[in-house]
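Structure first, commentary second.
The values are calculated or read from the model by the stated rules, or taken from the named source; none is laboratory data. What you are looking at is a predicted structure, and each value in this text was computed from that prediction instead of being measured. Ideal geometry is used to build each Cβ from the backbone, glycine not excepted, and the neighbour counts take in all protein chains shown. Calculation scope for accessible area: heavy atoms of the full protein, side chains included, ligands and nucleic acids excluded. Shrake-Rupley method; radii C 1.70, N 1.55, O 1.52, S 1.80 Å.
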Amino acid sequence: MAGVWRCVAAAVLMCVCLWDSTEAVGGAVSRPRPQRTRHKKPKADLIDLAPVAQSVDIQQMTGRWYLLNMASKCSHLINHGTKVQPTVLTLTRSPDSDQTMSVSTKTRDNHQCWEIQQVYHLSAAPGKLTLKGPRSELDTKIVIGETDYSSYAIMYFQKRGQISIKLYSRSVDDLSEPMLSKFEQLAENQTFGLAYLFPFPTYSHCGDVDRDHVINCDPEC
């Protein structure tokens, strides 16, 4: 069962690509040429370049959010983006800590509803959170880029240097064209053209999930 859970978690929670784009296709590796050692300035973290909502009120971010659209260059989405499933995110303040948020993600895999439970760690900087991985280099950095709390939220996710952007809505009944256009513009600013935008279904979201299909990823999956 643990193996099944890991596979479902990987499919359900795909935020960014997890593979290094420098790996050779088919496993072939060319012999490296000797090079002089050059001292380069450290590159700016891409997530630090993402726009951050000013004075984010985390308490107002709590509650249910429906995933409407996602911008990503992840190969899995590029190959299977037409098969994405309705996804709903629920944020709550953790009862035992004011530095964390409990996160529930519900979606389907092979016609079965699943719930993934995680924890986001708040940082000192407003609007920035971290989903911790088994090692620090596998952490997912999260930025709340823009929100009005009552209708939409745009969030940036980065793992292993790869960024994805997600558009969430409080409701799927009254979608705003300006909101969708704003998301497309922000995605384009991060070099995501229309070919890298993946709309999610706005119907048939999962309700209650039985215990056998709840995956607890605290502290990690």
³J(HN,Hα) computed for each position of segment 84-94 - Karplus, 6.51 cos²θ - 1.76 cosθ + 1.60, integer Hz, glycine/proline x: 5, 10, x, 9, 10, 10, 10, 10, 9, 6, 5
Per-bin percent of Cα-Cα distances, segment 78-201 [5 Å]: 2, 9, 16, 22, 23, 18, 8, 2, 0
Within segment 155-194, backbone nitrogen closer than 20 Å to the virtual label 7 Å beyond the Cα of residue 203 toward Cβ: 169-177
Table column - 3J(HN,Hα) (Hz), segment 141-150, Karplus curve with 6.51, -1.76, 1.60, x for Gly and Pro: 8, 10, 10, 7, x, 6, 6, 10, 6, 9
Residue 216-residue 194 pseudo-label distance in nm [points 7 Å out on the Cα-to-Cβ vector]: 4.7
Gain in span if fully extended, residue 174 to residue 149, counting 0.36 nm per residue against the direct Cα distance: 7.5 nm
Unit charges on C-beta of K, R, D, E only; dipole of segment 108-221, Debye: 480
In Hz, Karplus ³J(HN,Hα) per residue of segment 111-121 (6.51, -1.76, 1.60; θ = phi - 60°; x = Gly, Pro): 6, 10, 6, 10, 10, 10, 9, 9, 9, 9, 9
Surface per residue (accessible, 1.4 Å probe) for segment 58-152, Å²: 47
